[in-house]
1. What is the sum of charges, Lys and Arg at +1 and Asp and Glu at -1, for the other residues whose Cβ falls under 14 Å from the Cβ of residue B:232?
2. Hey, what does the equivalent ellipsoid look like for the protein assembly as shown, semi-axes from the Cα gyration tensor as sqrt of 5 times each eigenvalue, largest first, whole Å?
3. Quick one: if you stick a label point 7 Å off each Cα along the C-beta vector at residue B:160 and residue B:100, how many nm between them?
4. Out of the DSSP beta bridges found with both residues in chain A, what percent are antiparallel (nearest 5)?
5. Ordered by packing density, taken as the mean number of other Cβ atoms within 10 Å over each peptide's residues, highest first, how do A:480-491, A:496-507 rank?
6. Along the Cα→Cβ direction, 7 angstrom out, place labels at residue B:122 and residue A:103. What is the inter-label distance in nm?
7. Could you pull out which residues in region A:311-344 have an amide N less than 16 Å from a spot 7 Å beyond the Cα of residue A:294, following the Cα-Cβ vector?
8. I need the calculated FRET efficiency for the pair residue A:55 and residue A:467, taking r as the beta carbon distance and R₀ as 45 Å, to the nearest 0.05.
Amino acid sequence: MNERIKKLREQSLNAVNKISVERAVLLTEFYGSVEARGKSIPVQRALSFKYILENKDIPMNDGELIVGERGPEPKATSTYPEVCVHNINDLEMIDEREKVSFKADEKVKKIYEEQIIPYWENRSIRDIMFSRLPREWKDSYNAGVFTEFLEQRSPGHTVLGEKMFGKGMEDLIAEIDDSVSKLDLINDPDSPAKIEELNAMRISAEAIVLYAKRYAEKLEEMSFSEKDPMRRSELNKMAEICRKVPAVKPGTFHEALQHYWFLHVGVITELNPWDSFNPGRLDQHLIGFFNEGIDNGSLTKESAKELLSSFWVKFNNHPAPPKMGVTARESNTYTDFTLINVGGVKPDGSDAVNELSYLILEVIEEMRILQPSSMIQVSKKNPDSFIKRALKIISTGFGQPSIFNTDAIIQELTSQGKNITDARAGGASGCVESGAFGTESYILSGYFNLAKIFEITLNNGFDPRTKKKIGLGTGMPGKFSSFDELLDAFREQVEHFAGIKIRGNNIIGDVYSGNMPAPFLSLLIEDCIKNGVDYNSGGARYSTTYIQGVGLGSLTDSLASVKYNVFDNKHITMNELLNALDKNFDGYDDIRKNFIEETPKYGNDEDYPDELAVEVFNIFHDSVDGRNGPRKSVHRINMLPTTSHVYFGSVIGALPDGRKKGEPLSEGISPVQSADRNGPSAVLKSASKIDHLRTGGTLLNQKFTPSFFKDETSLNRIISLIRGYFRLDGHHIQFNVVDASTLKDAKKEPEKYRDLIVRVAGYSDYFVDLVEELQDEIIKRTEHEAI
Amino acid sequence: MDGNIFDIKRFALHDGPGIRTTLFMTGCPLDCLWCHNPESRVHFKENGGKSRKVDSTYVIEELKKDLVFFEESGGGVTFSGGEPLHQPEFLVAILKEMKNNMIHTALDTTGFVDRSVINDVFPYTDLFLYDLKVMDPEKHKKFTGVDNKQILDNLKFIFDNNGVVRIRFPLIPGYNDDKENISDMINFLKDLTNSPIIDLLPYHRLGISKYKKLNIDSSTEFLSPSSDDRIQEVEEMLKINGFKVGIGG
């Protein structure tokens, strides 16, 4: 790492997360202005976007090669009052909370009090949404049956495709003109709306060009006063680049990175979409520019690496906008989930690993920063040496990159109806979510607490925590004469709550479609321009709405325990069991011990519990998959938790697997912490029994002590483990390589371990930023696997 | 067919090539002073031992579970113990089924067994992990309780019949790490094969807690593992004589 990158990296690491009111103020100014009046909603949105980009500060960080910040400085984080307006209490809480805080000083609070809150109160998407959602949705939400992704952040969950590296805004404006000219103004009653949307897209395209030009001017100014001739020539070159992109398509490696970064800043300035934004298959998008630069001598491997490193820092400068309440608990992290994809296959199906794939891995290894997150795509066509290179990074305990099964992702996407070329151009984003990059809107709508629904089933539809009957009356379990009756009751309850969630999704989709178009994002995802329809209204070529199942391991073990102990072996009656749960196992230590130690558990490659995992998976899948959703989408499932398994655990009482009240649930499709006793191969076998190909992603966490990664022979075995799991259609696996004593020390003395990054659940995070329950969970798991 | 085992360990990384599942079979005719699997010698849950009687079909199903990982890694199943050849019929029944499934088999043995048993398992064994402990017959008897003539004869037989062998040499400080023993071993092996492979297994103290648990006296309780330097010396000695050497299993 050279001095410049070291400095930029340090600056980013040391920057304080704080709230910047700049965007909120500009947005509010615009909406209060004459300019906003009498315009359609999409055009208003586009004009507000333009107003922000025209007037926002355009900071430059010392020595940087890629320019553009969302806020006035690194980690100065915008708010989005049109989506969710924070009140003064919220700001104080965000400022003061121990984990994932953002400084909000008196000035911020004053501006909020005087300008932001008065305008946006009761106008924000969140306000509109909650006023329209039915009572049973709110009851279920409050009980912790599901979460809602779109209550504080807008739909995003998408990734840029390769085509956008070959187009500039001028090309897109030409496409917009073409789309407008093809409208049938007489026979298409939607054509007026389409004209407004297309106009909004045009304004947004012009706005981002204008923003880039502002940088060009600033860079030119800076070059005049720059004394160092080297830097002066750099600044001139950068100015030239900003004059060019994103107006026209990039022609060099440097231009391509700057081009993308302007688009990224545009997307996260327009709104606060989930998973920020993502350049996706970076090694594929850039390889042409890279080769050309090397061939014509304008680029060296070192200069490419420096540019990539500078690019990397930009991501790290942009934490996820502050979240609160349930949303903070389900996704408690500064990470904004940009997931760089490396490897995989080309659109023609051939091995896509190239020289740049390895160079990017080198950058990941050297930079060792939280953002962007990274992953490798592994197809059966990719060489083992590629996996081995990635494992060497993983073995340093960094938790990145994670490893994905390209062949599974392609099958998942094609089975949903995508054509194979679009599927091969895809990958995974966010934590583990499969998507067709550049062509799909695949919105995560919320986590779904399967274990909670089991608890409600055991209580005949009643939620013991909120003391409300929110489920169906499926019968008192004490009266069930067979395990199948219990399973049928559970199935009915899952269908019931899935229905409530889907009904809510339709309402929320309508709220966004009607009130919060995203014309800038719509420019970037095919076929919004061609269709003249906004991203948030179903303009993308493919639209999918996901509900993410959580607690598979805990639920499976609980069902297995009831089947084994109550029905098959009659160790205990159902009523005794319910009593023990009700008492949180107080006075039932022997029974609990029996549940934990003598009862079959998911994760050991034993069919008795694993068949129940499959059963549960199928129940959830069949309740959701194929049902229509907002934005002309279809509902699908995936299995990932981010941090929601901690929140979801906190709303559930004791469970029959021996878990006590309030403890975290199992995460992803991983077994319950410490329940797997036959080693990693058995875990992978268990996890592969559910049909990953009928999901849009599953998450499997494996924690290893460093000894498993110590030499070539060990690495080869890990490669075989991965290959074996992927042969069984496993979607994703991630490795945490760290010993328990290090983690314990970090918990005790966080100030000494600020840089310790661990794999959490589909993403990496600073260990010291994790809530205590998560820290303990990771320590527990790591100890368990120590040999 | 029933047999006695005390563990099935998956993702075993030290008992042969690739990812393996190791079957630990109960019972051993030897009584090595340094034994690190004392539970293998204790039958049927006596004294807290883990030995259990199981059916071969159950064992076969368990051993086949990681087939996909065996195939990906060039791994397979390892039979260890205890002395797996101590239960020859049970072992052959399982071995045959492994070979029917094209699974690589390794046999971790002391070789202290009738030739007829070696003959029985030979066709189904891809790799012999063959223990050589002490070359001097007197000392061998003293440290392990049995004579080593049969052990050495069987090893010769396996080599003569082109069996694939990795020698396992447990390095026990003060018992068999002397120069004389090592040169005897080198000379013996050089007569048998041109390309001997040997795994040096440095003594570790993991067995000690098991002795305590099992209420068995251990005469090696106060033994310390060899130093890294000593291990390296032995390794050099073997390498100079053309051996391929692995450290640890």
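1. Working: positive: B:230, B:239; negative: B:177, B:228, B:229, B:233, B:235, B:236.
Around residue B:232, the charge tally is -4.
2. Working: eigenvalues 656, 248, 120 Å².
The equivalent ellipsoid of the protein assembly as shown has semi-axes of 57, 35, 25 Å.
3. Label-label distance for residue B:160 and residue B:100, simple model: 3.3 nm.
4. Details: 14 of 46 bridges.
Restricted to chain A, the bridges split so that about 30 percent are antiparallel.
5. Values: A:480-491: 17.0, A:496-507: 20.6.
Listed from highest to lowest mean packing, they are A:496-507, A:480-491.
6. With each label point 7 Å from Cα toward Cβ, the separation is 8.0 nm.
7. The answer is A:343.
8. Values: r = 51 Å, r/R0 = 1.13.
The value I calculate is 0.30.
FYI, it's all coordinate maths here, none of it is from the lab. Keep in mind it's a predicted model, so treat the numbers as computed, not measured. All Cβ positions, even for glycine, are placed from backbone atoms using ideal geometry, and neighbour counts span all protein chains on display.
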